[in-house]
Amino acid sequence: MSTLKMKALQPLMRKVMEELIAFNKHLGLKVESFDRDAPRLRFDMRPELIGNPATKILHGGVISATLDVAGGFVIMLNLAHEMDSVPTSFPKMGTIDLRVDYLRPGRGKYFVATARIVRKGSRIAVTHMELHNDAGELIATGGAAYVIG
């Protein structure tokens, strides 16, 4: 797909990712970059995302869910790039395996998740994801497999 068509598609993809997927909206995920090789999603730390009230660190489920969304997003972007025209819908996609390595406590004012495709076949895609805080510290990494179609 041409760069011009991808730019036209971005407002729709942003709306889907930020508003129409209710869980993403609850997490406060915002698309920071539509880079098909390493898109970025950002969210701010908020009290309702804290897992441990004593230490005020990010809940592990929020980290896991954000990495999962980032993995799906990079696949969605790549599928859009492969299409000849602006898509009216995307193939169904589902997580079939997700692994998260929690490397540091989730402290920060905001967090940025990135993802890249490790391998994409006709039915299965594998991604690697990372979550950094506002200081650039690597908080967690993940790997996931998704079924496409």
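Quick notes
- Every pair of residues 6+ apart whose Cβ atoms lie under 6 Å, when the first sits in region 111-130 and is touching a residue at least 40 places away in the same chain (Cβ under 8 Å) and over 14 Å from Gly142 (Cβ atoms) while the second is surrounded by fewer than 17 Cβ atoms within 10 Å (Cβ to Cβ) and hydroxyl-bearing (Ser, Thr, Tyr): none
- Region 95-107 residues that are more than 26 Å from Arg123 (Cα to Cα), paired with ones that are among the small types (Gly, Ala, Ser) and assigned to a loop (DSSP other than H, G, I, E, B) (beta carbon under 9 Å, 6 or more apart): Arg107/Ala135
- Gly142 vs. criteria in contact (Cβ under 8 Å) with a residue 40 or more places away in the chain, crowded, with 18+ Cβ neighbours inside 10 Å and either hydroxyl-bearing (Ser, Thr, Tyr) or within 21 Å of Arg36 (Cβ to Cβ) (or both): yes
- Given (1) at pLDDT 95 or above; (2) basic (Lys, Arg); (3) in contact with a strand residue (DSSP E or B) (Cβ under 7 Å, 6 or more places away or on another chain), number of the condition Lys25 does not satisfy: (3)
- Residue that is surrounded by 19 or more Cβ atoms within 10 Å (Cβ to Cβ), under 21 Å from Pro105 (Cβ atoms) and in contact with a Lys or Arg (Cβ under 9 Å, 6 or more places away or on another chain), where the choices are Leu41, Leu67: Leu41
- Residue within region 49-59 that is aliphatic (A, V, I, L, M), loosely packed, with under 14 Cβ neighbours inside 10 Å and either more than 23 Å from Arg104 (Cβ to Cβ) or at pLDDT 95 or above (or both) present: no
- Residue that is modelled with the lowest pLDDT [pool: residues in region 63-104 that are of a type in the set (D, E, K, R) and part of a helix (DSSP H, G or I)]: Glu82
- Long-range neighbours under 8 Å by Cβ, at least six apart or interchain, first residue under 18 Å from Ala113 (Cα atoms) and part of a helix (DSSP H, G or I) within region 8-23, second among the small types (Gly, Ala, Ser) and at pLDDT below 90: Met13/Ala80
The values are calculated or read from the model by the stated rules, or taken from the named source; none is laboratory data. Not measured: the values here are computed from a predicted model. Cβ atoms come from the backbone with ideal geometry, glycine included; neighbour counts cover every protein chain shown.
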